[in-house]
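Notes to accompany the following structure.
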Amino acid sequence: MNERIIRVGFIGLGTMGDPMSSNIAASGEFDLALFDVDHDRARELAGRVGASAVERVADLADREVIVMMLPTSAIVREALLDGDGAPRIPARPGTVFVDMSSSDPTETVETGEALHRAGYALVDAPVSGARERAVDGTLSIMLGADDAAAAERAIPVIETMSSRIFRTGRLGTGHAMKALNNFVAAAAFTAASEALAAGADFGLDPDVMVEVFNASTGQSFVTTHVLPAHVVGEQYASGFALPLFTKDVRIAQRVQQAAGREAPVCDAVTRVMGEALDALGNVDHTRAFEFWRDR
Ligand code: NAD
């Protein structure tokens, strides 16, 4: 029988980490401590959800499960390990780290090895569904782990964020799956953007186009959830930043390269996303539509 997990830490309280950690707190099952480099953000959230905020990541040392929801693999590594690869958090042996960020699987395996040497376990559990489903607790979660017992210890915490947990295999497979999923989503987004721009030039009404996509075989999450409000409706506030989406397709490209595959669609999507990123910087990814349409 697993010892029941009580003390949970959470690092990275942004667009996604805020509602995800709020759902851990709302379960009432855990003593939750929060850390973010933006200390005001951590304090505000702690006050709102009944958790505690810590000032240094090392202050999470008494936590049994520590969740990360950070922008990139490099930041995850930097948060957990010093320049020599030694852990920054002097946690108890057996502590389970759960990387729910959309990280690069190769770097996840490296960080996992460094943590393993120090007596800790890393599992990867990236998510899909955007902020809306983080709030609702209905995210898709892709769980990879080398250590089955560590995954079992983390699952009660993960389940407070969603019951839709897919076991993907060894450590890093969750992150590979997430990147490939986002490549498919980015392909849908770039294709739909091209189609909308061409359709408008041809005299089609964008609202009618979206209605037809959504009643037809062109339908996808992009056409149902992204285009209506954020592209055609011009809100450009999906909550998913262009640098993060571009990072994901670049990870997918590396996954394809590591498999020794030619991936012309992934290469094209990565290139046009990169061009939009170079021109626009840190904006909501839906702004890329305007860039592609107007160039
Ligand atoms: P965000 O930029 O809104 O939040 C990141 C948070 O991490 C911020 O609060 C920031 O202050 C904090 N942070 C940065 N460096 C830190 C460090 N060294 N130590 C502690 N805290 C640090 O990002 P987000 O949109 O919440 O995305 C987080 C992850 O989730 C990314 O990997 C992203 O690709 C992935 N993701 C995002 C979405 C989405 O719709 N936004 C959906 C699924 C997955």
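The values are calculated or read from the model by the stated rules, or taken from the named source; none is laboratory data. The model shown is predicted, which means the values in this text are computed figures rather than measured ones. A quick note on method: Cβ atoms are made from the backbone with ideal geometry, for glycine too, and the neighbour counts reach across all protein chains shown. Note: areas computed on protein heavy atoms with side chains; ligands, DNA, RNA excluded. Shrake-Rupley method; radii C 1.70, N 1.55, O 1.52, S 1.80 Å.
For the chain, give me the percentage of DSSP beta bridges that are antiparallel, rounded to the nearest 5 percent. If you can, show how the numbers build up before the last one.
On the way: 5 of 28 bridges.
Of those bridges, close to 20 percent are antiparallel.
What is the pair-distance distribution P(r) of segment 6-171, computed from all Cα-Cα distances in 10 Å bins starting at 0, with each bin given as a whole percent?
Binned Cα distances yield the sequence 11, 45, 38, 6.
Under 18 Å from the 7 Å Cα→Cβ point of Arg295, by amide nitrogen: which residues of segment 250-283?
250, 265-283
How would segment 183-223 be classified by its alpha-carbon gyration tensor: rounded, prolate or oblate, with rounded meaning a/c under 1.5 and the a/b versus b/c comparison settling the rest? Intermediate results must be reported in sequence, preceding the final value.
Details: a/c = 2.93, a/b = 1.38, b/c = 2.12.
Here segment 183-223 falls in the oblate category.
Suppose only helical runs count, i.e. DSSP H with n ≥ 4. What mean residue ellipticity at 222 nm does that imply for the chain under -39500 (n - 2.57) per run, divided by all residues and rounded to the nearest 500 deg cm²/dmol?
Estimated from H runs of four or more residues: -15000 deg cm²/dmol.
Let me check something: with ligands and nucleic acids excluded, how do Phe30, Phe166, Phe189 order by accessible area (1.4 Å probe), largest to smallest?
Putting Phe30, Phe166, Phe189 in descending order of accessible area: Phe166, Phe30, Phe189.
When only alpha-carbon atoms count, how far does the chain stretch along each of its three principal axes, as whole angstroms with the largest first?
64, 45, 34
Can you pull out the trypsin sites (Lys or Arg not before Pro) in segment 60-92 whose DSSP state is coil and whose Cβ has at most 16 other Cβ atoms within 10 Å? All intermediate terms of the calculation are to be shown ahead of the outcome.
Numbers: sites: Arg63, Arg77, Arg88; in loops: Arg63, Arg88.
Of the trypsin sites (Lys or Arg not before Pro), the ones in loops of segment 60-92 whose Cβ has at most 16 other Cβ atoms within 10 Å are Arg88.
Under a 1.4 Å probe, what is the accessible area of the chain per residue, stated in Å²?
46 Å²
Let's test the formula: R0 of 25 Å, r as the Cβ-Cβ distance of Ala148 and Glu262. What FRET efficiency results, to the nearest 0.05?
My answer for the efficiency is 0.10.
Could you work out the equivalent-ellipsoid semi-axes for segment 160-206, taking the square root of 5 times each eigenvalue of the Cα gyration tensor, largest first, in whole Å?
Three semi-axes, in Å: 36, 13, 5.
Would you look at the GNM of the chain, springs on alpha carbons closer than 10 Å, and say which of Ala151, Ala53, Ala259 moves the most?
Ala259
Where both residues lie in segment 60-218, what percent of DSSP beta bridges are antiparallel, nearest 5?
About 25 percent, rounded to the nearest 5.
Could you give the distance between the Cα centres of segment 255-272 and segment 176-243, to the whole Å?
21 Å
Output the DSSP H helices from the chain with an along-axis C-alpha extent of no less than 30 Å and a mean Kyte-Doolittle hydropathy no less than -1.0.
Answer set is 173-201.
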